[in-house]
Amino acid sequence: MDTSTGTLKQKAYHELKEYLVITLYLWVIFVLLELHKSVVLGERYIDIARQSFAIINALALGKVMLIARDLHLGEVVHDTSLIYPTLLKSALFSLLLAAFKILEDAAVGLYHGRSFSQSIEDLGGGTWRGIFSLTAIVFVVLIPFFAFTELERVLGEGRLEQLFFRRRKL
């Protein structure tokens, strides 16, 4: 086997694995946000269509996160306490995800002949206050995700996976 092909295959496998982890994390967040929304609105049933859009959004925004990570978004502080890059990346990525979600909703709305404000009605009620609230929630739920990625960077690739998912010897 050609070593460059092996390296390319390994990189592709690693990227796919990271994409699936990011997508799964986002999907869980989006499903929980939809469930919370239905509880707050007092809905008596779970809208399966909205739940299925959560996976589509997670797939699309997972790719956005992967590209932004590959472009080294937020990687400006490596020699500081881990809290700083964790919070910086959580803030930058939550803003990035909010921007892409607004653009996505606006594009879909435009395609269906709706105005910008009509297009983003489902996103935090369509108000900037609601959008900021959702962005703040995403910021908070991204903190553990980036805390783990920063810990993995410091401890070495695969070390956290080994600590969390493999049996330890006493």
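In summary, helices (runs of 4 or more DSSP H) completely within the range 21-138 and bearing 1 or more residues that are more than 21 Å from the chain's Cα centre (by Cα) and of a type in the set (S, T, N, Q) occur at 116-119. Out of all the residues in the range 140-160, is one or more in contact (Cβ under 8 Å) with a residue 60 or more places away in the chain, within 25 Å of S38 (Cβ to Cβ) and either of a type in the set (A, V, I, L, M, F, W, C) or in the same structural domain as F30 (by TED's automatic domain parsing) (or both)? Yes - at least one qualifying residue is present in the range 140-160.
Which of (1) more than 17 Å from I143 (Cα to Cα); (2) touching a residue at least 24 places away in the same chain (Cβ under 8 Å) is the odd one out, the single condition T23 does not satisfy? The one condition T23 does not meet is (1). Identify all residues within the range 87-120 that are free of Cβ contacts under 8 Å to residues at least 24 places away in the same chain and among the basic types (K, R); write none if there are none. Passing the criteria: only R114. Of the residues that sit in the range 104-125 and are of a type in the set (A, V, I, L, M) and in contact with a Phe, Trp or Tyr (Cβ under 9 Å, 6 or more places away or on another chain), which one is surrounded by the fewest Cβ atoms within 10 Å (Cβ to Cβ)? Once the filter is applied, the top-ranked residue is L110.
The values are calculated or read from the model by the stated rules, or taken from the named source; none is laboratory data. If you're wondering where the values come from, they're calculated on a predicted model, not measured in any experiment. Every residue, glycine as well, gets a Cβ built from its backbone with ideal geometry; the counts of neighbours run over all protein chains shown.
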